[in-house]
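The values are calculated or read from the model by the stated rules, or taken from the named source; none is laboratory data. Every value quoted in this text rests on a predicted model; they were computed, and no experiment measured them. In this analysis, Cβ positions are derived from the backbone assuming ideal geometry, glycine residues included, and neighbour counts consider all displayed protein chains.
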Amino acid sequence: MARIWIVEDDPRISMLIDMTVRKAGHRTLQLADAVRLDEALKEEEQLPDLLLLDLMLRAKSGYEILAEWKARRRTQFIPVIIISARSSENDKVKGLELGAEDYITKPFGVRELQARINTALRRTPKAPEKLVFKGLLIDIRSREVFVDGERKELTAMEFDLLYCLARNCGSTVTRGTLLKEVWGYDGEEDSSRTVDAHVKTLRVKLGDDAQEPRFIRTVRGAGYRLVAEEP
């Protein structure tokens, strides 16, 4: 059973897609536009396994959403199937070039949609359920974190921050990148020092020391780096 998000502004079509996906045994979340999608990325505990995306949406087009989705490290490997009434070859080529896994034109058949979803899910390599470093375990599915076997209580934002650093372990992650991937902000500047404040509280909960870091190292003038050694 997969988690599938549906971005479609026509309630009737969204409901039809939702019923089709649920009938195939998957869990769904219906979202009307880019605003609701951004909210879901911040609020939902787990990311989807697949995104079904319309092109003709309010305020921000499906193409723009797709380009942003593939630009984020957090979502770039999550497959996207475009479902659109736009059926020209140029539309299809543009969608596929932006990184869509597949392109389905409306109207579509129920069995066709189910088959395309199953194919996209089979093609996608499963992400690891746990990230394990020396003394640090991050359980992605349950969103739990353990240090030396002791469970640490993190907020949703603190978990996303640590997970982002862990996915890039050994590399510096800039404050601007963290703002985009964890908070969903567009800008590069962190004038309110949001990132620094959350890193500080995260360090306290992990029992980390900024001066002699075991896990999170500050890269002056750039950002942060997870330095936990693999076991």
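At a glance:
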read-out	value
Some residue of the range 69-83 being more than 19 Å from Ala120 (Cβ to Cβ), outside the structural domain of Trp183 (by TED's automatic domain parsing) and either at pLDDT 95 or above or among the polar types (S, T, N, Q) (or both)	no
Selection from the range 78-98 of residues that are loosely packed, with under 13 Cβ neighbours inside 10 Å and either touching a Leu at 6+ places or on another chain (Cβ under 7 Å) or not in a helix (DSSP H, G or I) (or both)	Ser87, Ser88
Among (1) in a helix (DSSP H, G or I); (2) touching a residue at least 24 places away in the same chain (Cβ under 8 Å); (3) not small (Gly, Ala, Ser), the one test that Arg111 misses	(2)
Residues being under 26 Å from Met1 (Cα atoms) and either among the polar types (S, T, N, Q) or crowded, with 18+ Cβ neighbours inside 10 Å (or both) - total across the range 138-162	5
Within the range 129-231, helices (runs of 4 or more DSSP H) holding 2 or more residues that are modelled with pLDDT of 90 or more	156-167, 194-206
Test result for Trp5, modelled with pLDDT of 95 or more and surrounded by 17 or more Cβ atoms within 10 Å (Cβ to Cβ)	yes
Residue pairs meeting the criteria (Cβ under 7 Å; at least 6 apart or on separate chains; first in the same structural domain as Thr75 (by TED's automatic domain parsing), in the range 136-162; second aliphatic (A, V, I, L, M) and not in a strand (DSSP E or B))	none
Search result, residues across the range 17-51 that are in a strand (DSSP E or B), surrounded by fewer than 18 Cβ atoms within 10 Å (Cβ to Cβ) and either of a type in the set (S, T, N, Q) or out of contact with any Phe, Trp or Tyr (no Cβ under 7 Å at 6 or more places or on another chain) (or both)	Arg27, Gln30
Selection status of Met15, at pLDDT 95 or above and not charged (D, E, K, R)	yes
Some residue of the range 51-61 being out of contact with any strand residue (DSSP E or B) (no Cβ under 8 Å at 6 or more places or on another chain), touching a residue at least 40 places away in the same chain (Cβ under 8 Å) and of a type outside the set (Ser, Thr, Tyr)	yes
Criterion: over 23 Å from Ala40 (Cα atoms) and not assigned by TED's automatic domain parsing to the domain that holds Val35 - qualifying residue of Thr194, Thr174	Thr174
Members of the range 17-65 that are in contact with a helix residue (DSSP H, G or I) (Cβ under 6 Å, 6 or more places away or on another chain) and hydroxyl-bearing (Ser, Thr, Tyr)	Thr20, Thr28
Residue within the range 53-68 that is closer than 17 Å to Tyr163 by Cα, of a type outside the set (Lys, Arg) and surrounded by 13 or more Cβ atoms within 10 Å (Cβ to Cβ) present	no
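Quick grid of which residues meet (1) surrounded by 14 or more Cβ atoms within 10 Å (Cβ to Cβ); (2) in contact with a Pro (Cβ under 7 Å, 6 or more places away or on another chain); (3) farther than 23 Å from Asp18 by Cβ:
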position	(1), (2), (3)
Arg74	yes, no, yes
Ala100	yes, no, no
Pro107	no, no, no
Ala120	yes, yes, no
